[in-house]
1. C19: accessible area at probe 1.4 Å, nearest 10 Å²?
2. Pick out, from A96, M132, S3, the residue whose Cα sits farthest towards the positive end of the charge dipole of the chain, with +1 on the Cβ of Lys and Arg and -1 on the Cβ of Asp and Glu.
3. For the chain, which semi-axes, largest first and in whole Å, follow from the square roots of 5 times the eigenvalues of its Cα gyration tensor?
4. Say the dipole of the chain comes from +1 at the beta carbon of Lys and Arg and -1 at that of Asp and Glu; which of L174, P185, V109 then lies farthest toward its positive end?
5. Which one, G89, G38, G48, has the greatest fluctuation when you compute a Gaussian network model over the chain with C-alpha springs under 10 angstrom?
6. Using alpha carbons only, how many angstrom separate the centre of the range 6-37 from the centre of the range 95-157?
7. Express in nm, to one decimal, how much length is gained between F139 and L2 on full extension, taking 0.36 nm for each residue of separation and deducting their alpha carbon distance.
8. Give, rounded to the nearest 20 debye, the magnitude of the charge dipole that the chain has about its Cα centre when Lys and Arg contribute +1 at Cβ and Asp and Glu contribute -1 at Cβ.
Amino acid sequence: MLSRVTRLLVGLVLYGFGCAVTVAAGLGVDPWTVFAQGVSRVSGIGLGWITNLIGLGVLLLWIPLRQKPGVGTVANILLVGTSLQLALGVLPHPQAFWAQALMLVTGVVLVAVGSGLYIGAHFGPGPRDGLMTGLNARFGWPIWACRLTVEGSVLILGWLLGGTVGIGTVVFALGIGPLVHVALPLLASRRPGTQKPRVARV
């Protein structure tokens, strides 16, 4: 149990730190962070705190979808945005493209490793992941369609609000799935009577 809790906490903090690294790179971020950036710009509230609030708002959408949060869901809401906010206060914001590209790739890899740790701890999905699976269970839509609809919507809305969309958004979209696919079997804890998951959806 202690090992699983450690994986959960370290994974969520690392996930938030990785998101902060992609933000600091300045080349574009994942759809949910684009949305959080847009809301942050409009509201004047820090990006990390907005990320936490969006996670809480998404969690409320679980109610009509009859989803039940786990410990990991709540921890996700509390830790990802907080670590993102704190990291942004100390990370450099390079201007040279090579340094930006290096930070972008590093951030995506960190997010993948963090995902492998926290998902593999088996304490429940994050609020955004649960929204996808909830839509799938409630309406029978394929996971890919749920993800495309939700993330496409928040991406467009975040961009309209001033969030950063760019090459980093594409790199994240193309890279995160394969990277988590590799990271999850390597980092997931094995519960008695179970096997490590073979495929990850983030």
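The values are calculated or read from the model by the stated rules, or taken from the named source; none is laboratory data. Please read these numbers as outputs of a predicted model, since none were measured by experiment. Don't worry about glycine lacking a Cβ; one is built from the backbone with ideal geometry, like all the others, and counts go over all protein chains shown. Surface areas here come from the heavy atoms of the whole protein model, side chains and all, with no ligands, DNA or RNA. Shrake-Rupley method; radii C 1.70, N 1.55, O 1.52, S 1.80 Å.
1. The value for C19 is about 10 Å².
2. Selected residue: S3.
3. Whole-Å semi-axes of the equivalent ellipsoid: 25, 20, 16.
4. Result: P185, furthest along the dipole toward the positive end.
5. Result: G89 has the largest fluctuation of those listed.
6. 10
7. 45.6 nm
8. Details: 13 positive and 3 negative charges, 145 e Å.
Roughly 700 debye, rounded to the nearest 20.
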